[in-house]
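The values are calculated or read from the model by the stated rules, or taken from the named source; none is laboratory data. Since the structure is predicted, the reported quantities are computational estimates derived from the model, not experimental observations. As a convention, Cβ positions derive from the backbone with ideal geometry for all residues, glycine included, and neighbour counts pool all protein chains shown.
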Amino acid sequence: MSLADLHFFKMTREPSLDALCAVVAERHAQGLATILYAGGTDWMVEQEMRAPLHDEPPLVVDIGRMGELRGISLAGDSLRIGAGTTYLELERSAVVQARAPMLVRMAKDVGAVQIQARGTLGGNLATASPAADGVAALAAYDATIVVKSARGERRIAMADLQTGYKKSTRAADEIIVAVELAPPPEGSPWYWRKVGARRAQAISKVALAGVAVVENGTATRFGVGMVSVAPVTARMATTRALVLGKALAEITAEEIDHAVDQDVTPIDDVRSTGEYRSHVARALTRDLLRQLGARV
Ligand SMILES: Cc1cc2nc3c(=O)[nH]c(=O)nc-3n(C[C@H](O)[C@H](O)[C@H](O)COP(=O)(O)OP(=O)(O)OC[C@H]3O[C@@H](n4cnc5c(N)ncnc54)[C@H](O)[C@@H]3O)c2cc1C
């Protein structure tokens, strides 16, 4: 879609989150869709590919400047990141650099700088694509999503968010307000590796996010999220169970490969084959565990 085509859509702004919730709720009750235009980087591409509109086009609300969706703050052991935070803002945030450095590394791998300047974490979560890099990183941190509607506010654990390909437990009238996560102690090990067709502007063939706390050679916290290997972000339950609380030096390469094979059965698609993805999934997981201290 070119910018000129935007005149098909009615675009507005709302003065507050409560006002936005009311508009979305009213339209939802009438069976009408509302697009929340954050960075527009997913929505604009969807417009390019969609069939011609015959019904009334959805209302598009520009939420890019909505204060309640912005800001990054650390309170005690909780890091809160507004849903409207862009990848570039993540990269530049001193508190994210210090307390959740894996998010910074992930953000640098999203699209290229133009996408990083516009695209938001909220948009990445809302689209709920199995290739969403931000979703994988937040899964590794076992983050919580704060959503709000006219019915009130609630929290969704990352483990409960995605239910299928681009499907989630977030209701259609719920707005993603922020993500919250408990950052590991400063200096804790983390891992981010994205494998794509090229270094920028590439959707992941496979990407692995990892967060750990290691004490006396044992992982006392271990979270992972893997992208593009299942209809939803893979949380790798078997791999987590293998690693958590076990002496890292005793974990073997065979155990890792077996756990990864239990966790994911990737399919062939336009970006890669399932066989290659399985190979990369095992290799990245071994690499992560080697960095944590496993002798593999
Ligand atoms: C060239 C290119 C490269 C890309 N590269 C990557 C990549 O490497 N990795 C990756 O993960 N993604 C990538 N993307 C996808 C996209 O940039 C990201 O998913 C981005 O985070 C989307 O955020 P946005 O703010 O632009 O969403 P928008 O396009 O503004 O919104 C997308 C959808 O989310 C909804 N939405 C937005 N904000 C909220 C909210 N707060 N609450 C509820 N619903 C909301 C909107 O209604 C809309 O339906 C790429 C896209 C392009 C065009």
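The figures follow:
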{"read-out": "Region 205-258, residues that are without any contact (Cβ under 8 Å) to a residue 12 or more places away in the chain and touching a Gly at 6+ places or on another chain (Cβ under 8 Å)", "value": "none"}
{"read-out": "Considering residues of region 118-131 that are more than 6 Å from the ligand (Cβ to nearest atom) and not small (G, A, S) only, the residue farthest from S93 (Cα to Cα)", "value": "P130"}
{"read-out": "Matching entry among A22, A98, A33, A38 (being in contact (Cβ under 8 Å) with a residue 24 or more places away in the chain and touching a strand residue (DSSP E or B) at 6+ places or on another chain (Cβ under 6 Å))", "value": "A38"}
{"read-out": "Enumerated strands (runs of 3 or more DSSP E) restricted to region 160-213, each holding at least 2 residues that are at negative phi and at pLDDT 95 or above", "value": "175-181, 190-195"}
{"read-out": "Residue check for G39: within 14 Å of the ligand (Cβ to nearest atom), crowded, with 20+ Cβ neighbours inside 10 Å, on the phi < 0 side of the Ramachandran plot and small (G, A, S)", "value": "yes"}
{"read-out": "Enumeration of residues in region 44-71 that are surrounded by 18 or more Cβ atoms within 10 Å (Cβ to Cβ) and either in contact (Cβ under 8 Å) with a residue 60 or more places away in the chain or within 28 Å of P101 (Cα to Cα) (or both)", "value": "I63, M66, L69, R70"}
{"read-out": "Any hit, region 100-117, residues being among the β-branched types (V, I, T) and near the ligand (Cβ under 10 Å from one of its atoms)", "value": "yes"}
{"read-out": "Given (1) surrounded by fewer than 20 Cβ atoms within 10 Å (Cβ to Cβ); (2) more than 12 Å from the ligand (Cβ to nearest atom), index of the condition L181 fails", "value": "(1)"}
{"read-out": "Residue check for I115: in contact (Cβ under 8 Å) with a residue 60 or more places away in the chain and of a type in the set (V, I, T)", "value": "yes"}
